[in-house]
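Below you'll find the structure, written out as structure tokens, and then a few comments.
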Amino acid sequence: MLECALTEIDKANYADPNVDLLAGKSLPKEYVYSVHMTRWLYELEAAPSERMQIACRAQHIERWKIPRSDYPKGRKSYYQWRQACGRMHGRRAAEIMAGCGFPEHECERVEIILTKRELRQDADTQLLEDVACLVFLEKYFAQFYADNTDYDREKWLRIVRRTWRKMSPRAHEQALALSSRLPEHLQQLMQEALADPV
């Protein structure tokens, strides 16, 4: 059942018309993202549960079907978009799991994890958030910074602090180790933000 679910998620993400690089190869963007999510999951958990393998692989399943451009600019609209994406990812993962023979309670569990409704209260949801934050810092932070030159220093500090607050202590350790591999201007930004993380 696990192999079936992961294969179907990969197949769905392989339909992404957008591309990204993975080991020098151009591949569908959300498939590449799912590979990074799976790799970081195993960095944090030596033997992750089946539900977490599925949740991490489906974190952005078919996200291109709900473009950010469909929502107005601004922080409130950004969170509305994120919530809509989370609900869609949860539904799609649950549908795939059901089609692969998983019991209903497991399908519902993964849907809850992907909507992140129980962040902080639920260990699985926190693990998914830790993985997502580490993938962002390692693979997407630098480009996100380059793409948003209109953000002032205070806004960047808030972004780093908000990301930090979402993570657990063990993810903090990984993020600090990872920060040494970031470009120097991002290292300085993180140091400044975390010097006063409140």
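Here, each number is a calculation from the coordinates, and none is a lab measurement. Because the structure is predicted, anything quoted here is derived from the model rather than measured. FYI the Cβ positions are ideal-geometry reconstructions off the backbone, even for glycines, and counts take in every protein chain you see.
Can you confirm whether Ile61 is hydrophobic (A, V, I, L, M, F, W, C), in a loop (DSSP other than H, G, I, E, B) and touching a Ser or Thr at 6+ places or on another chain (Cβ under 9 Å)? Against the criterion (hydrophobic (A, V, I, L, M, F, W, C), in a loop (DSSP other than H, G, I, E, B) and touching a Ser or Thr at 6+ places or on another chain (Cβ under 9 Å)), Ile61 qualifies.
Against the numbered list (1) part of a helix (DSSP H, G or I); (2) over 18 Å from the mean Cα position of the chain (by Cα); (3) among the small types (Gly, Ala, Ser), Gly86 comes up short only at (2). Residues that are touching a His at 6+ places or on another chain (Cβ under 6 Å) and aromatic (Phe, Trp, Tyr) do occur in segment 31-41, at least one of them.
Let's see how each residue does on (1) acidic (Asp, Glu); (2) touching a residue at least 40 places away in the same chain (Cβ under 8 Å); (3) surrounded by 20 or more Cβ atoms within 10 Å (Cβ to Cβ); (4) farther than 20 Å from Tyr14 by Cβ:
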residue	(1), (2), (3), (4)
Ala47	no, no, no, yes
Ile54	no, yes, yes, no
Ser69	no, no, no, yes
Ala93	no, yes, yes, no
Ile96	no, yes, yes, no
Glu104	yes, no, no, yes
Leu114	no, yes, yes, no
Asp124	yes, yes, no, yes
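Among the listed residues Leu128, Leu157, identify the single one that is part of a helix (DSSP H, G or I), out of contact with any His (no Cβ under 7 Å at 6 or more places or on another chain) and buried (at least 20 other Cβ atoms within 10 Å of the Cβ). That would be Leu128, the only listed residue that is part of a helix (DSSP H, G or I), out of contact with any His (no Cβ under 7 Å at 6 or more places or on another chain) and buried (at least 20 other Cβ atoms within 10 Å of the Cβ). Checking each residue in segment 1-19 for being in a loop (DSSP other than H, G, I, E, B), under 16 Å from Lys65 (Cβ atoms) and not polar (S, T, N, Q) picks out Tyr14, Ala15, Asp16, Pro17.
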